[in-house]
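Remarks on the structure that follows.
The values are calculated or read from the model by the stated rules, or taken from the named source; none is laboratory data. Predicted model, so just to flag it, every value in this text is computed and none were measured. With ideal geometry, Cβ positions are generated from the backbone for all residues, glycine too; neighbour counts draw on all protein chains shown.
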Amino acid sequence: MTLQEIAGHRTVVLEGGDGVGKSTLADLLVTQHDFTAAHSPRTPDHQDLTSRYRGLLARPGRLVLDRSFVSELVYGPLYRDRSRLTWDQALELADLVTTRDGVFLHLTAPAAIVHGRLKARDGQAPDLEVIAEISHAYQRVFRLLDSHATVLTYKTAPEAGCRPTG
């Protein structure tokens, strides 16, 4: 799938750990294909995540989510021992993405490459084991989500050429 084919969708949800290329791809969709980007940083605990994402997905036009509710399913259990979203809520939101002619893009890269990107960008990076743990958590979540929505996995390491793997 090329950038042009990705842009053929009305909604694109970019997911993966920090440093895999989500914002870079979002910027390309915005500048080259007239998407509106919504970056989703960590939502405060008191905010209703389902309502937040329903609102984002109700926006008109072409939308790229640079991180989304999927991250809560990954980081919630890793860092707070639980997700603030149930799987029923997550699948409801996935249905809204699908209804908007959407696709989920799971971006990945080897832990060493992510580590190097984060060090270059931020001056610091988590240990390789932590990066690998996040990557594995995303794989588990997308295995479950894949039976309910279109999920494509892209390896963003330079030698991978940003090609889909499934």
Candidates VAL64, VAL114, filtered to the one that is within 18 Å of the chain's Cα centre (by Cα) and part of a strand (DSSP E or B): VAL64
From LEU93, LEU56, residue being free of Cβ contacts under 8 Å to residues at least 40 places away in the same chain, closer than 16 Å to ARG10 by Cβ and either in a helix (DSSP H, G or I) or touching a strand residue (DSSP E or B) at 6+ places or on another chain (Cβ under 7 Å) (or both): LEU56
Any hit, segment 118-127, residues being among the small types (Gly, Ala, Ser) and closer than 24 Å to PRO44 by Cβ: no
Any hit, segment 149-163, residues being surrounded by fewer than 17 Cβ atoms within 10 Å (Cβ to Cβ), over 16 Å from VAL20 (Cβ atoms) and among the small types (Gly, Ala, Ser): no
Number of the exception - SER71 against (1) over 13 Å from LEU49 (Cβ atoms); (2) surrounded by 19 or more Cβ atoms within 10 Å (Cβ to Cβ); (3) within 13 Å of the chain's Cα centre (by Cα): (1)
Inter-residue pairs, beta-carbon under 6 Å, first within 14 Å of THR99 (Cα to Cα) and in contact (Cβ under 8 Å) with a residue 24 or more places away in the chain and in segment 144-156, second assigned to a strand (DSSP E or B) and among the hydrophobic types (A, V, I, L, M, F, W, C), 6+ apart: ALA149/PHE104; THR150/VAL103
Number of positions in segment 96-109 that are buried (at least 21 other Cβ atoms within 10 Å of the Cβ) and assigned to a helix (DSSP H, G or I): 1
Test result for ALA112, among the aliphatic types (A, V, I, L, M) and either in contact with a Lys or Arg (Cβ under 8 Å, 6 or more places away or on another chain) or touching a residue at least 40 places away in the same chain (Cβ under 8 Å) (or both): no
Some residue of segment 109-120 being over 18 Å from TYR138 (Cα atoms) and in contact with a helix residue (DSSP H, G or I) (Cβ under 7 Å, 6 or more places away or on another chain): no
Unmet requirement for SER23, which otherwise passes all of (1) at pLDDT 95 or above; (2) assigned to a helix (DSSP H, G or I); (3) surrounded by 14 or more Cβ atoms within 10 Å (Cβ to Cβ); (4) not charged (D, E, K, R): (1)
Qualifying residue in segment 39-53 (condition: surrounded by 13 or more Cβ atoms within 10 Å (Cβ to Cβ), more than 26 Å from ALA112 (Cβ to Cβ) and of a type in the set (Gly, Ala, Ser)): yes
Residue in segment 132-139 that is part of a loop (DSSP other than H, G, I, E, B) and under 15 Å from the mean Cα position of the chain (by Cα) present: no
